[in-house]
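The values are calculated or read from the model by the stated rules, or taken from the named source; none is laboratory data. Just so it is clear, the structure is predicted and the values come from calculations on it, not from any experiment. Accessible surface areas use protein heavy atoms only, side chains included; no ligands, DNA or RNA. Shrake-Rupley method; radii C 1.70, N 1.55, O 1.52, S 1.80 Å.
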Amino acid sequence: MLEQPPVSYQINQVLRGSIPFWLTFLLALLTVVPIRIDGFAVISPALVSMSVFYWSLHRPYLMAAPVVFFLGLISDILTGVPLGLSSFMLLIVHGVAVSQRHVFVGKAFILTWWGYLLIATGISMLTWLIACIYSLALMPFFPVLIQLIITVLIFPVFAWCFGAIQHSLLKGI
């Protein structure tokens, strides 16, 4: 008969397994921290998208669709965008990442970076299009482009940090 692991072990597993959620939540909070640079709020990098992409590729069972949806709602509330928009976009990122895991996982990082570039470009274009429709006006595209460039350029740094966290804290989960 199999013996149940101790409660402390089970709690440890749950807490360690929630690291991707809490890390992404922290990044969502960081995106709304006021920085005294004119116009930075408009072009701040899509940190939540990067986190959802990474964890959906490498630990999809820790970044499940309901968690992604909830993180999107939190992001919407924090940023003041229409409720559900971030959830929709993040679920697209999650869905593409999970469905294409076989293409990215275990391959050279440059392929993952390229994949994120394609997904981030598509999400940026879709977000811009929805913003134009929502406001019934043609919104400027340049800030969206700058945000995309910044996001894609810093993705390797965040991916490296996520990888370090994955290898040190999430072994065996």
| task | Could you rank C161, C132 by how accessible they are, 1.4 Å probe, largest area first? | result | C161, C132
| note | Inter-part gap, Cα centre of the stretch 143-173 to Cα centre of the stretch 75-114, in whole angstrom, is 12
| message | At 1.4 Å probe size, with the rest of the protein present, what percent of the exposed accessible area of the chain is carbon and sulfur atoms? | response | 76
| request: Would you calculate, for the chain, the mean residue ellipticity at 222 nm contributed by helices, counting each DSSP H stretch of 4 or more residues as -39,500 (n - 2.57) and dividing by all residues, to the nearest 500? | output: -24000 deg cm²/dmol
| query | If ligands, DNA and RNA are left out, what is the accessible area of M125 with a 1.4 Å probe, given in Å² to the nearest 10? | reply | 90
| request: Identify which of P34, P143, P60 has the largest mean-square fluctuation in a Gaussian network model of the chain, with springs joining Cα atoms closer than 10 Å. | output: P34
| field | Alpha carbon convex hull of the stretch 68-173, projected area averaged over orientations, nm² | value | 7.7
| message | If I require 18 Å or longer along the helix axis, counting alpha carbons, and a Kyte-Doolittle average no lower than 0.5, what helices from the chain are left? Use full DSSP H segments. | response | 65-79, 85-99, 109-135, 142-169
| request: Heavy atoms only, probe 1.4 angstrom, no DNA, RNA or ligands counted: give me I11, I43 ranked by accessible area, highest first. | output: I11, I43
| query | Given the options V32, V68, V152, which has the most mean-square fluctuation in a GNM of the chain, springs set between C-alpha atoms less than 10 angstrom apart? | reply | V32
| remark: Relative contact order as a percentage, the chain, C-alpha pairs under 8 Å and 6+ apart, gives 26
| remark: Under the rule rounded for a/c under 1.5, else prolate if a/b exceeds b/c, else oblate, using alpha carbon gyration tensor axes a ≥ b ≥ c, the stretch 1-118 is classed as oblate
| Would you list K107, K171 from the most to the least accessible area, probe 1.4 Å? | K171, K107
| message | Not counting ligands, DNA or RNA, and with a 1.4 Å probe, what is S168's accessible surface area in Å² rounded to the nearest 10? | response | 80
| request: Rank P140, P45, P156 by mean-square fluctuation in a GNM of the chain with C-alpha springs under 10 angstrom and give only the top-ranked residue. | output: P140
